[in-house]
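What follows is one structure encoded as structure tokens, with my remarks underneath.
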Amino acid sequence: DYTGKWKALQYASRHFFEPVCVSVEETKKDYKIYAINDLREEKNVKIVITLSNVGGKVISSNELTKTLSPLSSECVFCADIKGNKKEIFLSVKMYENDVLISERTKIFVPDRDLKLKPDTIEKSVSYENGEIVVKMKSPVFCRSVMVDIEDFREPFSDNYFDLLPNEEKIVTVK
């Protein structure tokens, strides 16, 4: 924007070309999870798939361990959409050696139709090892959370993200 701060698209573009990632495809009645490996080496990953309602109740959860072939894309999971599409979301996380390397959140309706609960984000700000550290947590799903510090223009480690129920999100800036 005109103040020199990063826009939402700049933060999102960090995820566009991840060489190893997860992707979600939705059809009228189900969804498919794809694991993509654009590297020339095998990757051993764990994929955690959670379907929840916006209030934080888990509807279903699955965990897969996969060896991704080099230069591959494969459907690793398929399931029916359970529940009212206006009140649910899907979280898919990919880990390598217990380190999060890719994550996607999928809603099944346009943003304006999602029946979000009033957000109650607990937050704390501290200064640690030369960085500003912002910690956030909410009991409900919060869509496209934006972190802003007035008159501060440096890019955050992440921004415009979905805050998942009862999961702490840590954002840093130097």
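What to note about this one:
- Answer residue from the stretch 157-174, given it is under 17 Å from the mean Cα position of the chain (by Cα) and hydrophobic (A, V, I, L, M, F, W, C) and is nearest to VAL54 (Cα to Cα) among those: LEU164
- Criterion applied to VAL92, VAL48 was being in a strand (DSSP E or B) and surrounded by fewer than 17 Cβ atoms within 10 Å (Cβ to Cβ), and the one residue passing it is VAL48.
- So GLU154, is it surrounded by 10 or more Cβ atoms within 10 Å (Cβ to Cβ), over 19 Å from the mean Cα position of the chain (by Cα), within 19 Å of VAL173 (Cα to Cα) and of a type outside the set (A, V, I, L, M): yes
- Condition met for ASP98 (open to solvent by 70 Å² or more (accessible area, probe 1.4 Å), acidic (Asp, Glu) and at positive phi): yes
The values are calculated or read from the model by the stated rules, or taken from the named source; none is laboratory data. Because the structure is predicted, anything quoted here is derived from the model rather than measured. Note that we place each Cβ from the backbone using ideal geometry, even for glycine, and neighbour counts take in every protein chain shown. In case anyone asks, the SASA skips ligands and DNA or RNA and just uses the protein heavy atoms, side chains included. Shrake-Rupley method; radii C 1.70, N 1.55, O 1.52, S 1.80 Å.
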